[in-house]
Amino acid sequence: MEFKWLETQLGEFIELKRGYDLPNKDRAEGDVEIISSSGSSGFHSKAKVKGPGVVTGRYGTIGKVFYSESDFWPLNTTLYVKDFKGNHPEFVYYFLKTLNFLQYSDKAAVPGVNRNHLHKTWIKVPADSSGQRKIAESLSALDKKITLNTQINQTLEQMAQALFKSWFVDFDPVIDNALEAGNPIPEPLAERAAKRQAMWAADNEAAPERLPAETRRLFPDRFEEDEALGWVPAGWSSGCISDISEINAKSWTAKNSPPSVEYVDLANTKNGVIEETACFGFDEAPSRARRVLSPGDTIVGTVRPGNRSYALIGEAHGQLTGSTGFAVLTPKSKELVEFVYLAITRDEVIEEFARLADGGAYPAIKPSVVTEVKIVIPGYSVLLCFNKLLAPMFTKRQSNFCDNYTLKKLRDTLLPKLLSGELQLPDAEAAVDAALEAETA
């Protein structure tokens, strides 16, 4: 399909308008999404703009673009598309992602995008909406696959966290063994034990499933009191995360520095996902780019820890370099990789880090706060069993992360190539089909 291209100014293509104030005190419960310069920022009872809509940051996070199918409220830190002027909204969304907004920011203490400057930008776009729609459909197909992979990974993470909690926080297999053996249940665990017994007795469909007998035999059948952690399974030990991992084991120095680094910062790491990396010559890299990251390492942000900047480094990540704002935990054996990651990224642990952070503008915790997190350490056979159960799930997560990286890279390069004439739409559609087929092969 040959496009008729139009060269025009952005202000003739769409009209951007500043968003609206909405202080926290004026927000009411509802299902209308509030969109700030960093994306979804809560909900309100009333919409200010009808969907579909496109929003980008005016201050704060400049250059990120957001799309909403539904009605929404754009905050005053954003610009939103007030008038699409007959153009395809989803194409406008993808097109704005190709603009370098930083070129249009002023030089104030807090840089912001000047809407009037943006409107004067000369652009080249398909002249009619049908051509725009075809491009948007191809790019949207990639985004749908990325979203599906992300949802699968979130489910796998939840399953892994649930299993960790059942085995090493609530001690369910030990409770079951103790009940079967007729051994006493400590008072703090009695209510949970009674609930499990009642559900089984009633043949409740929601009753928790017992582990296979072979697996249950790996667990003790009684509890003993530990001075540090209270009641724990007999034979298991109490300790700290530093007993099973090293912290910040490797760093680049002037003597061992590589020619270049692929850098991971806190802002692009969230909830187990490294969203972006940046490559630098070592001399041009941020001074914080010093932590050597290896497969199996868990990284946890120590600056504003409530932002949940944590992830597990996988084989496919290759050699990465992390910010010194991360605490890097290297398990003392490969069987401990999943255990260390899940132990240090539990919601309760991250919330405690956030509570302990201090320092005014940059609230932070010391690395020692991370290493001193208390844990119960099971026997080796249980650790090995846990590793065997979870390793395939983490391998699948890593595979999905890598697939998403490839799909995002394709998505972000297709439109510039179409706009420059380097690629024709049939070629772009074929590239999308090939990528999606490779994902399902």
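Some notes on this structure:
- Matching residues in region 323-366 - criterion: being part of a strand (DSSP E or B) and open to solvent by 60 Å² or more (accessible area, probe 1.4 Å): 358
- For region 206-236, residues that are within 13 Å of residue 171 (Cα to Cα), among the charged types (D, E, K, R), open to solvent by 60 Å² or more (accessible area, probe 1.4 Å) and over 33 Å from the mean Cα position of the chain (by Cα) total 3.
- If you go through region 412-425 and keep only what is open to solvent by 30 Å² or more (accessible area, probe 1.4 Å) and either closer than 15 Å to residue 276 by Cβ or at pLDDT 85 or above (or both), you end up with 412, 413, 416, 417.
- Of all positions in region 30-53, at least one carries a residue that is in contact (Cβ under 8 Å) with a residue 24 or more places away in the chain, touching an Asp or Glu at 6+ places or on another chain (Cβ under 8 Å) and among the β-branched types (Val, Ile, Thr).
- Out of 254, 249, one residue alone is in a loop (DSSP other than H, G, I, E, B) and closer than 16 Å to residue 366 by Cα. It is 249.
- All positions within region 426-435 that are open to solvent by less than 40 Å² (accessible area, probe 1.4 Å) and either touching a residue at least 24 places away in the same chain (Cβ under 8 Å) or in contact with a Gly (Cβ under 6 Å, 6 or more places away or on another chain) (or both): 428, 432, 435
- Condition met for residue 167 (in contact with a strand residue (DSSP E or B) (Cβ under 6 Å, 6 or more places away or on another chain) and surrounded by 12 or more Cβ atoms within 10 Å (Cβ to Cβ)): no
- Flag for residue 316 being without any contact (Cβ under 8 Å) to a residue 24 or more places away in the chain, open to solvent by 20 Å² or more (accessible area, probe 1.4 Å) and not charged (D, E, K, R): no
- Pairs where the first residue, in region 139-160, is crowded, with 18+ Cβ neighbours inside 10 Å and the second is of a type in the set (Ser, Thr, Tyr), C-beta under 6 Å, 6+ apart: 139/94
Table: residues versus (1) over 22 Å from residue 138 (Cβ atoms); (2) in a loop (DSSP other than H, G, I, E, B).
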residue	(1), (2)
16	yes, no
25	yes, no
28	yes, yes
35	yes, no
40	yes, no
79	yes, no
92	no, no
102	yes, no
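- Considering 179, 218, the condition of being over 30 Å from residue 281 (Cβ atoms) and part of a loop (DSSP other than H, G, I, E, B) is satisfied by 218 alone.
- For region 244-282, a residue qualifies if it is open to solvent by 80 Å² or more (accessible area, probe 1.4 Å) and either at pLDDT 95 or above or over 19 Å from residue 150 (Cα atoms) (or both), and the qualifying residues are 246, 250, 254, 255, 259, 279.
- Qualifying positions in region 70-97 - open to solvent by 40 Å² or more (accessible area, probe 1.4 Å), more than 18 Å from residue 128 (Cα to Cα) and in contact (Cβ under 8 Å) with a residue 60 or more places away in the chain: 82, 97
- Region 42-69, subset in a loop (DSSP other than H, G, I, E, B) and in contact with a Lys or Arg (Cβ under 9 Å, 6 or more places away or on another chain), residue most open to solvent (accessible area, probe 1.4 Å): 64
- Per the listing 305, 378, the residue uniquely within 25 Å of residue 218 (Cβ to Cβ) and either modelled with pLDDT of 95 or more or surrounded by 14 or more Cβ atoms within 10 Å (Cβ to Cβ) (or both) is 378.
The values are calculated or read from the model by the stated rules, or taken from the named source; none is laboratory data. Owing to the predicted nature of the structure, the values given are computational and were not obtained by experimental measurement. Methodologically, a virtual Cβ is constructed for each residue, glycine included, from the backbone with ideal geometry; neighbour enumeration extends over all protein chains shown. Accessible surface is based on the protein model in full, side chains and every heavy atom, while ligands, DNA and RNA are left aside. Shrake-Rupley method; radii C 1.70, N 1.55, O 1.52, S 1.80 Å.
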